[in-house]
Amino acid sequence: SVAVHAHDIYTPSALLLKEKLMDSEFIVANNKYNMDLIKGYAPLAGHKISLVYNGLDLKEHIFNEQHFPREDVIIMAAGRLIPFKGFDILIKSIALLKDSAKRVVLEIYGDGSQSGELQDIVSMLGLSDRVTFKGWVHPGDLRDALRRADILVAPSVKMKGHSHDGLQIGRAHV
């Protein structure tokens, strides 16, 4: 089986992908653009492709007005802690909110190669009381965290020489 997401199909090594696609029993793409791209790489493998979106079933995550008012505004973010996800920028944004009327806290769920660097940024900015790293958690626990959160943020940046993140949407949706 092959799951196509981002770095695996948007790099020069993707040229070797055709063989993997043809030899696989099934292929999973996380969006229609990637699905169409894969069909272009290996048209004969098109019948093997399933589309499975990354995302949330919003019916499960309806805004709960009972959250307000409370002392802290809880911002939640989840994902791999790698540079093009933009967690460093999100953390720096929390520093800008230090003097806001409401206390803003950030809970980061996930793990990755940038974890130590991000924790250093938190320490350097004096945000240890406002930013917590929860690590990888079971999807059920992640849903519970989302229900408690006031805001969900999906940071992402375009980095020179790297593919765009599969979750980029081009503009903020609130």
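Numbers below:
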item: Relative contact order for segment 77-127, counting Cα pairs under 8 Å that sit 6 or more residues apart, in percent; result: 53
item: Additional length obtainable on full extension of the chain from E71 to E19, 0.36 nm per residue less Cα span; result: 13.2 nm
item: Long-range amide H partners of V28 with built H, under 5 Å; result: V2, A3, V4, S50
item: Which listed pairs, of K98/K158; K92/K158; K20/K158, have C-alpha distances above 24 Å, in listed order; result: K98/K158; K20/K158
item: Backbone HN-Hα couplings from phi across segment 70-76 [Karplus 6.51/-1.76/1.60, Hz, Gly and Pro as x]; result: 8, 5, 9, 9, 9, 9, 10
item: Accessible surface, per residue, of segment 65-147 when the full set of protein chains is kept, probe 1.4 Å, Å²; result: 55
item: In Hz, Karplus ³J(HN,Hα) per residue of segment 146-158 (6.51, -1.76, 1.60; θ = phi - 60°; x = Gly, Pro); result: 5, 5, 7, 6, 8, 9, 10, 10, 10, x, 6, 9, 9
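The values are calculated or read from the model by the stated rules, or taken from the named source; none is laboratory data. Just so it is clear, the model here is predicted, and its values are computed rather than measured. Only protein heavy atoms, including side chains, enter the accessible area calculation; ligands, DNA and RNA are left aside. Shrake-Rupley method; radii C 1.70, N 1.55, O 1.52, S 1.80 Å.
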